[in-house]
Amino acid sequence: MVRAAAWRKLFLFLVLLLPLCSAADVTYDHRALVINGARRVLISGSIHYPRSTPEMWAGLIDNAKNGGLDVIETYVFWNLHEPVQNQYDFEGRKDLVRFVKTVAEAGLYVHLRIGPYVCAEWNYGGFPLWLHFIPGIKFRTDNEPFKTEMQRFTAKIVDMMKQEKLYASQGGPIILSQIENEYGNIDAAYGSAAKSYINWSASMATSLDTGVPWVMCQQSDAPDPIINTCNGFYCDSFTPNSDKKPKIWTEAWSGWFLSFGGRAPYRPVEDLAFAVARFFQRGGTFQNYYMYHGGTNFGRTSGGPFIATSYDYDAPIDEYGIIRQPKWGHLRDLHKAIKLCEAALIATDPTNTSLGPNLEAHVYKGGSGVCAAFLANIGTQSDATVTFNGKSYHLPAWSVSILPDCRNVVFNTAQISSQATHLEMRYLTSNSQDSDQPIDSSKASQSDWSFAVEPVGISKSDAFTKSGLLEQINTTADVSDYLWYSISIEIKGDEQFLFNGTQSNLHVESLGHVVHAFVNGKLSGSGMGNSGNAKVTLEKPVTLVQGKNTIDLLSATVGLQNIGAFFDLWGAGITGPVKLKGQDGTKDLSSDEWTYQIGLKGEELALYDDSKDSSRWVSQPTLPKGRPLIWYKTNFDAPEGNDPIGIDFTGMGKGEAWVNGQSIGRYWPTYISSPNGCTTSCNYKGSYSSDKCLKNCGKPSQHMYHVPRSFIQPDGNTLVLFEEVGGDPTKISFATRQTGSLCAHVSESHPSPIDDWISSQRKVGKLGPVVHLECPYANQVISSIKFASFGTPHGSCGSYNQGNCSSDSALAVVQQACIGAKSCSVGVSTKMFGDPCTGITKSLAVEAACS
Ligand code: GAL
């Protein structure tokens with residue numbers, strides 16, 4: 001018996017594996033991608049492999065699968081894989097094959113966007129710097145040297161995938177590939193060569209014979225057989241350039257990226273769900289969230305300029321890999337609703353009828369009796385009641401209701417049934433307690449700091465002299481963020497009047513991104529650009545002495561430009577003029593002889609790597625603080641448990657940080673965002689844009705930095721910082737990412753839980769609307785109910801209040817159902833709670849804690 005059961009299990013397992021192991025035929029038609037002859041409705045999400053760690057991949061992909069995704073999309077990052085021409089690197093976070101296989105193991109498909117231009121807020125848009133130095137090269141146009149390299153890299157990746165049998169045509173998970181990226185947005189700037197370049201890209205890609213379709217996003221003239229696709233906050237009104245191609249949305253922006261100096265963008269899930277539902281309502285069949293997990297820009301990978309180290313993106317899975325609720329849960333419910341409509345969606349085009357001003361019904365009615373309907377209220381002001389097929393439906397403003405049987409609403413984009421959770425960083429204290437307030441590292445366990453001074457100006461033997469001011473990227477080839485511009489000037493007797501004393505000003509103009517000016521070894525001032533304008537103009541009073549004076553200008557890049565026509569040529573660094581302005585005259589130094597040093601002495605010595613020469617480090621009772629150009633080092637033990645780790649860099653200025661020799665990215669907690677324009681509760685109704693919903697005004701754009709668990713061991717870890725402007729490393733604190741309270745707020749007018757509809761086999765949900773709570777960790781149970789009110793409660797998670805109407809029994813009913821359980825469901829109805837106010841639609845709000 002046991003044997004038979006085991007065999008049955010094995011057989012089932014093999015059958016389940018079958019779709020991914022046997023070759024699949026992937027084509028497309030007017031309605032959808034067609035896999036093995038069947039049109040498919042596919043939900044996809046972007047997870048970029050180098051923005052997390054191999055140790056995180058399986059968990060992220062699992063969360064994506066449980067969130068209802070069928071496909072994982074990633075770009076391929078050329079500059080990561082080929083840092084030096086013809087020298088490839090596919091190790092660790094760069095292990096593309098392992099990533100694709102991890103997706104396959106979860107039973108999901110892959111969309112591989114090779115680019116190789118990727119934009120992606122990634123350094124130089126993904127191009128390796130050596131490409132820029134190929135004689136005669138012009139990027140992204142009909143240029144032989146460029147096309148040769150683009151083809152070589154694209155073919156290299158395709159070959160790798162083929163060798164590992166990763167294309168669906170070979171039994172692998174890759175069902176789709178992308179060539180180029182949003183070239184159509186800027187191609188006008190490239191003149192007539194743009195068209196031939198795009199045609200070449202298309203035939204080059206097609207000739208690689210992957211056996212699966214290629215797409216080009218934002219490329220309305222993408223030639224056959226390439227599918228042109230849409231990117232944006234909304235893509236419902238997009239149509240592909242041929243009625244033989246399906247309507248595909250390659251980037252549904254789930255939020256937006258963060259810049260140093262910027263406020264933190266977020267996108268309400270009601271609006272994101274609305275955008276996605278509208279897309280499927282109006283004929284779409286493939287949609288990808290950009291990003292589903294954004295992650296972290298480790299090292300110097302962030303683009304820019306000024307892209308922050310966090311690439312959280314307000315995505316359904318947060319930077320640390322934890323599901324963001326209710327975003328993740330509400331979208332999961334949406335995906336289930338869409339999947340219930342799949343048979344109807346693939347059967348036919350929708351028919352569209354107006355139900356009134358701003359009110360639309362789209363019906364998919366297939367020959368075999370399948371029927372699905374989407375009802376939309378695209379008005380932003382008022383809810384509506386519509387009549388559809390003789391039945392009355394309530395449609396909240398800016399929402400879509402999904403009816404998988406053309407009768408019953410299983411989901412409305414504005415009505416969130418999913419629980420919300422509060423994610424927070426808990427700081428670690430020395431006595432293993434945690435706190436929501438930062439703790440100085442001097443008081444926590446990490447207290448012993450040593451330091452090494454980075455010299456001002458020229459200190460390396462490979463410095464060189466040139467007349468005039470050099471553009472930075474051409475000079476450094478981006479091997480470092482830093483380039484020193486150094487000059488010595490004589491203030492002669494007759495110039496004394498001009499420049500001696502406090503009346504002289506140093507004037508420096510730079511293409512970006514940051515300049516620190518040192519005069520006679522002392523920092524006289526710093527200037528920086530911002531994400532909208534990278535240029536820096538610095539004008540600082542300086543004190544010169546008679547005789548010799550040194551001016552050392554440290555220019556730093558903060559991620560190379562990744563977007564725009566000819567972005568590769570925008571440049572950086574101090575291209576001048578550089579002048580000394582005295583009371584009655586000016587001395588222009590721009591064409592003088594300058595001495596240059598690429599990178600820092602500490603970078604040359606690899607101070608960030610503890611295994612290298614440690615003789616440079618100084619330990620003394622008083623640690624120098626608040627001084628520019630200094631390296632700091634300390635040891636620390638891993639915070640207990642498995643929760644993701646963050647370091648709070650409050651107290652530091654600007655620089656880069658390494659944990660056990662691995663760079664966790666640039667830190668810059670002193671770059672404060674504008675104090676204006678933030679909202680705590682952003683109205684989701686109406687068109688979203690990247691500056692519509694912002695938080696974190698007047699605060700550091702980023703103070704917390706992710707350290708993946710796999711970067712550290714239980715004890716004896718090293719943290720090294722290079723600080724440019726001055727800070728106090730003892731103020732740094734360690735924290736872990738934890739899930740706080742669970743909350744839910746569901747009204748009587750919400751649909752029944754979608755799982756209820758599915759399990760009751762498409763009959764009207766038995767339960768009616770339900771509050772469902774579930775503790776995030778396996779070993780937890782609900783330990784207390786902090787708030788429960790049935791009636792007209794208001795407020796948000798963490799600050800709910802009772803309204804005028806409230807049932808007396810709410811707390812007791814919820815406690816009874818939930819305390820001690822890992823999860824609980826409570827019906828939202830007067831049957832459960834009695835009726836505290838007849839004639840009013842009531843809701844149940846609950847906040848609970850797990851332990
Ligand atoms: C798109 C681009 C993506 C990313 C996104 C913004 O235009 O294709 O790579 O940069 O914008 O996050």
### Message
Per-residue counts of other Cβ atoms within 10 Å, averaged by peptide: what ranking do you get for 275-286, 351-362, highest first?
### Response
275-286, 351-362
### Amide H contacts under 5 Å for E454, placed H, 5+ residues apart
I630, W631
### Task
Provide the FRET efficiency to the nearest 0.05 for the D243-I186 pair, computing r from the beta carbons and using R0 = 22 Å.
0.20
### Query
Tell me, in nm to one decimal, what length is gained between A849 and A778 on full extension, where the rule is 0.36 nm per residue of separation less the Cα-Cα distance?
24.1 nm
### the chain - charge dipole about Cα centre, Lys and Arg +1 at Cβ, Asp and Glu -1, debye rounded to 20
1940 debye
### Message
Number of Lys pairs in segment 234-379 with C-alpha atoms less than 24 angstrom apart, excluding same-chain neighbours closer than eight positions?
### Response
11
### Query
³J(HN,Hα) across segment 772-781 via Karplus (A = 6.51, B = -1.76, C = 1.60, θ = phi - 60°), whole Hz, x for Gly/Pro?
10, 10, 8, 5, x, 10, 4, 8, 9, 10
### Message
Can you give me the distance in nm between label points at T351 and K548, each placed 7 Å from the Cα along the Cα-to-Cβ direction?
### Response
9.0 nm
### Task
Would you list, by chain and number, the lysines whose Cα falls below 20 Å from the Cα of K162, excluding same-chain residues fewer than 8 positions away?
K94, K101
### Query
Among the lysines, which have Cα under 17 Å from the Cα of K822 when same-chain residues fewer than 8 positions away are ignored?
K786
### Query
Once amide H atoms are placed 1.01 Å from N in the peptide plane, what residues at a sequence separation of 5 or more from G571, or on another chain, have their amide H within under 5 Å of its amide H?
none
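Rank-order 680-693, 563-576 by packing density, defined as the average count of other C-beta atoms within 10 Å over each peptide's residues, highest first. Intermediate results must be reported in sequence, preceding the final value.
On the way: 680-693: 15.5, 563-576: 19.0.
Averaged packing, sorted descending, gives the order 563-576, 680-693.
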### Task
Please work out the FRET efficiency for the pair E105 and R627, using the Cβ-Cβ distance as r and a Förster radius of 35 Å; give the result to the nearest 0.05.
0.10
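Quick one: net charge of K244's neighbours, Cβ under 9 Å, K/R +1, D/E -1?
Details: positive: K245; negative: D29, D224, D243.
That works out to -2.
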### Query
Modelled label-to-label distance, A812 and N520, 7 Å Cα→beta-carbon offset: nm?
8.2 nm
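When ligands, DNA and RNA are left out and all protein chains stay put, how many square angstrom of accessible area per residue does segment 342-419 have with a 1.4 Å probe?
Working: 3080 Å² over 78 residues.
Per residue, segment 342-419 has an accessible area of 40 Å².
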## Note on the structure
Expressed in square angstrom to the nearest 10, the accessible area of S220 with a 1.4 Å probe stands at 90 Å²
### Message
Kirkwood hydrodynamic radius, computed over distinct alpha-carbon pairs, for the chain: how many Å, to one decimal?
### Response
29.4 Å
### Expected 222 nm ellipticity per residue - DSSP helices of 4 or more, -39500 (n - 2.57), all of the chain, to 500
-5000 deg cm²/dmol
### Task
Could you tell me the distance between the Cα centroids of segment 739-804 and segment 351-428, to the nearest Å?
20 Å
### Query
Using alpha carbons only, how many degrees (0 to 90, rounded to 10) separate the axis of helix 327-340 from the longest principal axis of the chain?
40 degrees
### Task
Read phi for every residue in segment 530-535 and hand back ³J(HN,Hα) as whole Hz from Karplus 6.51 cos²θ - 1.76 cosθ + 1.60, θ = phi - 60°, with x for Gly and Pro.
9, 5, x, 8, 6, 5
### Message
With unit charges on the beta carbons (Lys and Arg positive, Asp and Glu negative) and the dipole taken about the Cα centre of the chain, which residue among N199, G532, P357 sits farthest to the positive side?
### Response
P357
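Among D637, D318, what's the order by accessible area (1.4 angstrom probe), most exposed first?
Details: D637 80, D318 0 Å².
Of D637, D318, the descending order of accessible area is D637, D318.
Using a 1.4 Å probe on the protein heavy atoms, what percent of the accessible area of the chain belongs to carbon and sulfur? Mind showing how you got there, number by number?
Working: 16250 of 32330 Å².
Result for the chain: 50 percent of the exposed heavy-atom area is carbon or sulfur.
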### Message
Please list, in order along segment 221-230, the HN-Hα scalar couplings obtained from phi with the Karplus expression 6.51 cos²θ - 1.76 cosθ + 1.60 (θ = phi - 60°), rounded to whole Hz, x for Gly and Pro.
### Response
9, 4, x, 4, x, 5, 8, 7, 10, 10
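Please find the FRET efficiency linking D462 to V84, where r is the Cβ-Cβ separation and R0 is fixed at 25 Å, and quote it to the nearest 0.05. Spell out each step's value before the answer.
Values: r = 18 Å, r/R0 = 0.72.
Plugging the Cβ-Cβ distance into 1/(1 + (r/R0)^6) gives 0.85.
The values are calculated or read from the model by the stated rules, or taken from the named source; none is laboratory data. Since this is a predicted model, take the numbers as computed values, not measurements. So basically every Cβ, Gly included, is an ideal-geometry build from the backbone, and we count neighbours across all protein chains shown. These accessible areas exclude ligands, DNA and RNA; they are computed on the full protein's heavy atoms, side chains included. Shrake-Rupley method; radii C 1.70, N 1.55, O 1.52, S 1.80 Å.
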